[in-house]
Structure formats: C-alpha cells, structure tokens
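The structure's right below; bear with me while I get my questions together.
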Amino acid sequence: MSPATAKKPGLPEGPIQPFDLAFACYLYESMTPFKGALNRFRAKTGAVPDLKRADHRLALLKFLNDWGCRGLATDWHWLASEALGRWYSGAEDLLRVPVDSHAGLDGASHDDLARVFDSLSTCIAAKRIRSGREMLISFGPTATAKSLFALRPDTFPAWDAPIRTAFGHDGTGASYAAFVKDIHRKIVETQLYCGSRGLNLKDLPAKLRRPAYTTVVQLVIEYYWITITRGVSLPSPSTVKEWLTWCNEG
C-alpha cells in the first residue's frame, strides 16, 4: 500500500494485513522504550485520567516528554499544567462523546473534536530564550494528539509529523478529526478482513501479550509509526515461511 498524497488526505485503501500488524507491533515493543512510559502513566492515573487533578496533569506531561515531546520543557511543567487544567475544564464533556467505529465521527462530533484539538494545540506550554528574545512554545499538533490518546486510547490515535505528512494532513484540528475518522474506518476494514479468516482483531493485544489497557487504536498507530515514521519495510509472509524452513527442529 502506498501513502496517500497531500492532494487527497487519508489512509490508503484496504485492510492492514494481520501479519503485518502483528509484526510491526512486535517490532515497536522490541525497539522502543515507549511501552514503559505508557505503563508508568497508567500506573499513576488508572484507566480514566482526570486532568482536574494536578498529579494527573504532571503525569501526562512526563508521559509526553518520554514519548518525544521535548518542547514541553520540565522547567515549565507548571505553566503547561495550568494550561491543561483550563483546557480540560472546557473539553471534558466533549471528550466523552463516543465514536462509533462503524460510523466514525458525525458532523457535530467532527467539529467539536476539531475545536478541542485546536484549543489545546495553541495553548502555551513553555517559554524559551533565543538570541535574547523570549519565544512562546505551544503544545502543537503532536503533543495534542498524544494527550488525546492518553485520555481516550480507544478513540483518539496519536500521530507525529512524518505520519501527518505521509497522509496529507496539516496539523489542524479539522485534519486531526479527519484522521480519527479514517483510523476507525481502517479498523473496521481490518476487522472484517480478520473475521473472514477466523481472527478477531480485538483479541490481538492479548495474543501479543500486551497489558489489558492496550487498544486496537494503539496497535494501528504502532503499525504506522514503524512503517511510516521509522520507514521499516516489513517482510512478506512468504519470506517468513522461508526463514522458518531454516529452523533446526531436530
């Protein structure tokens, strides 16, 4: 599957092959420290983080740092925490809106999510002095998507600049809402494909021995992070079958 172009934003058509999904997720867990950061965040906040709590906000900021959001400097966590608290007071109810993975976001939910995304993305999270001038650092689109994922991992995917670029998105709230809808469409396509082969996509986290909090949305984003952000070419099943013939079973 080749990435979509910027002229028509979106994921490529067709399901993710279950072999590719499982292999990419295995590589992701093996080659990154990110699972530890997510484990620590869940241990501190439980299944339902509450950003009205200062300790949960600080846990989220530490998680974002560990997930590569280096612009959220630790010296300014107090500022970012205050911004998160104000944002969450207006966003909490909207974040509860369910997303039906079979239907995706309806028009109202799409617009609400776009506003919630933009309102956090533009929040000032840190300051920096460069050439004697003070610069204001906002959360930006990557930290915002990762924050939404941390809050609602079954609904909101993380993304980063390479993924946005590959699939023709510009980092605005509207483009993120479109990405969310596309991810859920992809999950439906993949689930149907798996079902036709006697597999249940929802069982994959357990089959990969992942923590109980692991969602299908998380696995799909791991797949794109491996294949897009890191540019890994996955082996074909026939190649793996050939490798298996090299095993000494005697």
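The values are calculated or read from the model by the stated rules, or taken from the named source; none is laboratory data. No experiment lies behind these values; they were computed from the predicted model shown. Because the Cβ atoms are built from the backbone with ideal geometry, glycine has one as well, and the counts that use them run over all protein chains shown.
Residues in the range 120-147 that are surrounded by fewer than 23 Cβ atoms within 10 Å (Cβ to Cβ) and of a type in the set (A, V, I, L, M, F, W, C): how many?
Matching residues across the range 120-147 total 7.
Still on this structure, please answer the following. Which of the residues belonging to the range 215-250 are among the hydroxyl-bearing types (Ser, Thr, Tyr) and free of Cβ contacts under 8 Å to residues at least 60 places away in the same chain?
Answer for the range 215-250, where residues must be among the hydroxyl-bearing types (Ser, Thr, Tyr) and free of Cβ contacts under 8 Å to residues at least 60 places away in the same chain: Ser233, Ser236, Ser238, Thr239, Thr245.
A further question on this structure: It is to be established whether one or more residues within the range 93-116 are modelled with pLDDT of 95 or more and hydroxyl-bearing (Ser, Thr, Tyr).
Looking for residues that are modelled with pLDDT of 95 or more and hydroxyl-bearing (Ser, Thr, Tyr), one finds none in the range 93-116, hence no.
Out of the helices (runs of 4 or more DSSP H) lying entirely within the range 171-233, which hold 2 or more residues that are buried (at least 20 other Cβ atoms within 10 Å of the Cβ) and either more than 12 Å from the chain's Cα centre (by Cα) or of a type in the set (Gly, Ala, Ser) (or both)?
173-195
From the list Gly140, Gly173, Gly132, which residue is modelled with pLDDT of 95 or more and on the phi > 0 side of the Ramachandran plot?
The conditions single out Gly140.
From (1) at pLDDT 95 or above; (2) among the hydrophobic types (A, V, I, L, M, F, W, C); (3) exposed (fewer than 12 other Cβ atoms within 10 Å of the Cβ), pick out the condition that doesn't hold for Leu244.
Answer for Leu244: the failing condition is (1).
Taking the range 17-63 on its own, how many of its residues are of a type in the set (A, V, I, L, M, F, W, C), touching a residue at least 24 places away in the same chain (Cβ under 8 Å) and closer than 20 Å to Ser89 by Cα?
So the answer is 4.
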